[in-house]
Structure formats: C-alpha cells, structure tokens
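The values are calculated or read from the model by the stated rules, or taken from the named source; none is laboratory data. If you're wondering where the values come from, they're calculated on a predicted model, not measured in any experiment. Cβ atoms come from the backbone with ideal geometry, glycine included; neighbour counts cover every protein chain shown.
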Amino acid sequence: MNDAIKTPPGSSQTQAAPRRDVDARPIQVGLLGIGTVGGGTYQVLKRNQEEIRRRAGRGIQITMVADLDVARARAIVGDQVSVVNDARAVIANPDIDIVIELIGGYGIARQLVMEAIAAGKHVVTANKALLAVHGTEIFAAAHARGVMVAFEAAVAGGIPIIKALREGLSANRIQWLAGIINGTTNFILSEMRDKGLPFADVLKEAQALGYAEADPTFDIEGVDAAHKATLMASIAFGVPVQFDKAYVEGISKLDGVDIKYAEQLGYRIKLLGIARRRPQGIELRVHPTLIPEKRLIANVEGAMNAVLVQGDAVGATLYYGKGAGAEPTASAVIADLVDVTRLHTADPEHRVPHLAFQPDQITELPVLPIDEVETSYYLRLRVQDKPGVLADVTRILADQSISIDAMLQREPEEGESQTDIIILTHLTIEKNMNAAIAKVESLDSVTGKVTRLRLENL
C-alpha cells in the first residue's frame, strides 16, 4: 500500500463525522398568497414533512399565512397556522426565516419581496414575471443583504430546469436551449392539430377546462413563455435578465392550414422559447416554430412542458414534466425551501449564485434584434395558377442567398385559379428573409401576404 494514502491512528480522518442535530428548531416559513399553488405547497409540505425533514436536516413549517381572503386561507390551513390579511405582518415577524411570495404580478409583489429582503428574510417565489422584469434589482438587493432568492417554481412548474442549468450543467458552455414552457399554448396547438379546429374554438375549450385564464393574453401572445425564456437565458449564458429585449410572437394569428401543411412535410408546430449563443451576442425569442416530428420535444402534447438544453460537453439534454398545477409547482417551491434551509447558516459566498455565475462575472452580452437572428423558414404563398410563378419566387430567394430545402405545391381545386405554394428554406438571416418576402409580395402573381413561420431542426 502506498504510504502517501495511509491515515495515521488518531488523525481527524479516523474520527466520526459530527452528527447533525436533526431535531433542531424547524425553519419557519411565511406564505404570502394561498391560492392554487400556495394551497398545494401547504398540503405537500404537511404530507411529506418527515421525508422533507430527513433531506433538509430539520423541519420546515409554514407558521404564518397572509391572504386577503382570511376565511378561505383558514379553511386550508386550520387552526395550527397564524392567518392574517396583511403581508407586511409576515415580513415583520422576527421568527419567520423564509418568505414564500405567491401573489404574482409586478406591483405589490415587488414591494413585498424587496421589503422581505431588506428585513433579512430569504425569499422563495414562483413569480416569473416579476423576476424577468425586475430580477436584476432584486438579485442585487439580495446579494447585498446576504439572503437568497430561489425561483425554481417560476419556470416550467415542477420540472427542475433552474437547478439543472445552475448546477447540473455548470461544467458546460451552454450553446442553446429551446423550451415548450407554456402549457396553455401547447394544449391549444395539440388540439388544433388533433381535431383540425380553428384557434378561437380551441381557446374556448381550453378556458372551459381551466387550461386558460379568462384573459389569456399573456399565454397566447407568448409573454409568459418569454418571461421564462429570459430567466433561463440569464442562467445559461451569465447575462442580466433582459425581458425588454426579447422578441415575442404568440399563436393567436396561427392558421390551422399551416399546421396541416407542416405535418405533410414532417414537422409539428410548437410555441418555443429559444435562447442561442452567437459570436456577436445572444438570440432571445419566443414564436411558433416548426420542429421535425421525430424529435422528442415535437411529441410533447397537451399541457405538458419540456426544455431541451445543448451543452458543449453533455450534448443535448431534455427535461419534461408538468409545467403548472398545484402540486407540481408546489414540488418546485418546496425543493427551494429545502435548499434554503440547508444553506440557511452558510456564508453567502458558499451558496450557488442567483444566476449561476458569480455576480461580478455577469457579462453584458447584447441581445440580438430579430433582424439578426439566423434560422430556417416555412413560407406559404397564395399564387395565381399560371406558368413562371415558381421561377420568379425562387429567383428572388436566390438573390437574397436563401436556398430552398423542400417545396410543396398544392393542386388547385376544380374551378379555382389560385393555389398554395409551401417552401422550406435552409438557414438564413431574418433581414434577408424580410427583404425577399417584400419582393415576393410585390409580384403580380402573388395574392395577399406571405405567411412566414420559423423552423428549428434542434
């Protein structure tokens, strides 16, 4: 045996490790807002308390809840928990170690989170909108105060994608990520494809089933997905949160005919949040996207979420699961509670930074405007059924250095004088495509606007 690895008797290596006191005082948690996710968090924490205690090293208890509907809150938590209608009473309580913010929105939630940080409380939140817009300010305040802001539940519900990006993939230079990160829009697109129904009809169905809000604007116009993509991009690339620079396009104008044509060509249409590293900056965009139907992510249906991450060392990794709901989101909230509990007494420098990179290593990489994005395209043209039309279109594309990958020309119906031409292109810069589309639309043989969708081979 090599003497270099022998351990002398009586050395520290032969002594038993100090026993963790698993009976330490439970960490006390204050909950702001006990709606669907808040109620789920309370129930899961109560149900799995022993398992969670074994993992965290001490108990974690919600001891105080703030909600405007005190009676409803009381009905959920019973008599064991203090219920108030003033969130600031929770923040002011010196016994509260962690504040969970589940109110949502940009307004009062921002004020309460900043006040909780100022009071020296750790914060756990599911508020992706707040962090995407005000994250830089919030993380800086938390760093200065030496407290943690954890937000696993803000992106993709119960899927541990933040943990994966912050820690699991930290050896990698992340090249790109693409995610189906809004269950409402994925459900709508799945139903449009399966049943051949128009967008408006499926939206009503989604609202009836509880998959869409009464005001679904944030979901169907891509804003919710853009909030989440912004947070993932910041962690993946070590850049500030820059939601205002994201390109956002929803699905409300998507025509069912394009879903059919895409399928004929071997593609599915999904609303994707995409972040990609480029030499001159990063792409940050949300829009309907054609994906080859053989890709795993193309087969994510219904209200499920999935995120595909490409690292230089690991290659492609896929994270799949429920992106919303009481208990899936509660799963992420409680995972954050466990993390914060473990690190509660640790020095701030021993904790994982909020955006994975050390605060002084966050770089101001520019977010590229959509004109500079490089991708492939699906084009649908309504044209006069006469000779030479196709030659004119292909010449215009060639002039902009756009090469064609595939083409589908539909036979006109009997008695029709117009038909559809579908073109798939190879990679090109968006501004070149914009110039080509403008010239194509000016042709006498082309009627109406060209339908343009982006395509990613992933």
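Which condition does Gly302 not pass, out of (1) outside any strand (DSSP E or B); (2) surrounded by 18 or more Cβ atoms within 10 Å (Cβ to Cβ), if it passes all the others?
Of (1) outside any strand (DSSP E or B); (2) surrounded by 18 or more Cβ atoms within 10 Å (Cβ to Cβ), only one is false for Gly302: (2).
Does the range 399-409 contain any residue that is over 16 Å from Ser442 (Cα atoms), out of contact with any helix residue (DSSP H, G or I) (no Cβ under 9 Å at 6 or more places or on another chain) and not in a strand (DSSP E or B)?
So in the range 399-409, the residues over 16 Å from Ser442 (Cα atoms) come out as 401-409.
Still in the list and also out of contact with any helix residue (DSSP H, G or I) (no Cβ under 9 Å at 6 or more places or on another chain): 405-406.
After this cut, where a residue has to be not in a strand (DSSP E or B) as well, the list is none.
No, every residue in the range 399-409 fails to be over 16 Å from Ser442 (Cα atoms), out of contact with any helix residue (DSSP H, G or I) (no Cβ under 9 Å at 6 or more places or on another chain) and not in a strand (DSSP E or B).
Looking for something of a type in the set (Val, Ile, Thr), within 17 Å of the chain's Cα centre (by Cα) and within 20 Å of Ala298 (Cβ to Cβ) - is there at least one such residue anywhere in the range 236-245? Before you say what the answer is, go through the steps one by one.
Taking the range 236-245 first, the residues of a type in the set (Val, Ile, Thr) are 239, 241.
Filter once more, so that each one left must be within 17 Å of the chain's Cα centre (by Cα): 239, 241.
Filter once more, keeping what is within 20 Å of Ala298 (Cβ to Cβ): none.
No: the range 236-245 contains no residue that is of a type in the set (Val, Ile, Thr), within 17 Å of the chain's Cα centre (by Cα) and within 20 Å of Ala298 (Cβ to Cβ).
Just one of the numbered conditions (1) surrounded by fewer than 18 Cβ atoms within 10 Å (Cβ to Cβ); (2) out of contact with any Asp or Glu (no Cβ under 7 Å at 6 or more places or on another chain) is not true of Asn172; which one?
Tallying (1) surrounded by fewer than 18 Cβ atoms within 10 Å (Cβ to Cβ); (2) out of contact with any Asp or Glu (no Cβ under 7 Å at 6 or more places or on another chain), Asn172 fails exactly one: (2).
Does Asp444 fit the bill of being acidic (Asp, Glu) and outside any loop (DSSP other than H, G, I, E, B)? Spell out the reasoning first.
Working: acidic (Asp, Glu): yes; outside any loop (DSSP other than H, G, I, E, B): no.
So Asp444 fails the test.
From (1) crowded, with 19+ Cβ neighbours inside 10 Å; (2) under 26 Å from Leu355 (Cβ atoms); (3) polar (S, T, N, Q), pick out the condition that doesn't hold for Thr63.
For Thr63, the exception is condition (2).
Among the residues of the range 219-277, write down those that are aromatic (Phe, Trp, Tyr) and either farther than 30 Å from Gln361 by Cα or not in a helix (DSSP H, G or I) (or both).
Tyr247, Tyr261, Tyr267 - these are the residues of the range 219-277 that are aromatic (Phe, Trp, Tyr) and either farther than 30 Å from Gln361 by Cα or not in a helix (DSSP H, G or I) (or both).
Taking the conditions exactly as written (surrounded by fewer than 16 Cβ atoms within 10 Å (Cβ to Cβ) and of a type in the set (S, T, N, Q)), does Gln207 satisfy them or not? Working first, answer last.
On the way: surrounded by fewer than 16 Cβ atoms within 10 Å (Cβ to Cβ): yes; of a type in the set (S, T, N, Q): yes.
It is true that Gln207 is surrounded by fewer than 16 Cβ atoms within 10 Å (Cβ to Cβ) and of a type in the set (S, T, N, Q).
Looking only at the range 117-163, count how many residues are outside any helix (DSSP H, G or I) and within 13 Å of the chain's Cα centre (by Cα). Step through it out loud before you land on a result.
The first filter runs over the range 117-163 and keeps only residues outside any helix (DSSP H, G or I), leaving 119-127, 146-151, 155-160.
Then keep just the ones that are within 13 Å of the chain's Cα centre (by Cα); that gives 126-127, 151, 155-160.
So the count comes out to 9.
Just to be sure I understand, how many residues within the range 121-144 are surrounded by fewer than 18 Cβ atoms within 10 Å (Cβ to Cβ) and charged (D, E, K, R)?
Residues that pass the stated criteria total 1.
Ala118 versus (1) of a type in the set (A, V, I, L, M, F, W, C); (2) surrounded by fewer than 17 Cβ atoms within 10 Å (Cβ to Cβ); (3) under 30 Å from Arg277 (Cα atoms): which is the lone unmet condition?
Result: Ala118 fails condition (3) only.
Just to be sure I understand the filter: pairs with C-beta atoms under 7 Å, separated by 6 or more residues or on different chains, first member in the range 346-365 and farther than 24 Å from Arg278 by Cβ, second member outside any loop (DSSP other than H, G, I, E, B) and among the acidic types (Asp, Glu). Which pairs pass?
The qualifying pairs are Val352/Glu167.
How many residues, within the range 311-357, are in a loop (DSSP other than H, G, I, E, B), buried (at least 22 other Cβ atoms within 10 Å of the Cβ) and among the polar types (S, T, N, Q)?
Count: 0.
Can you confirm whether Ala406 is aliphatic (A, V, I, L, M), over 17 Å from Leu290 (Cα atoms) and not assigned by TED's automatic domain parsing to the domain that holds Leu265? Steps first, answer last, please.
Numbers: aliphatic (A, V, I, L, M): yes; over 17 Å from Leu290 (Cα atoms): no; not assigned by TED's automatic domain parsing to the domain that holds Leu265: yes.
Against the criterion (aliphatic (A, V, I, L, M), over 17 Å from Leu290 (Cα atoms) and not assigned by TED's automatic domain parsing to the domain that holds Leu265), Ala406 does not qualify.
Determine the pairs where a residue that is surrounded by 13 or more Cβ atoms within 10 Å (Cβ to Cβ), located within the range 69-83, has a partner that is among the charged types (D, E, K, R) with Cβ atoms under 6 Å apart, the partner being 6 or more residues away or on another chain.
Every condition considered, the pairs that remain are Ala73/Asp67; Val83/Arg74.
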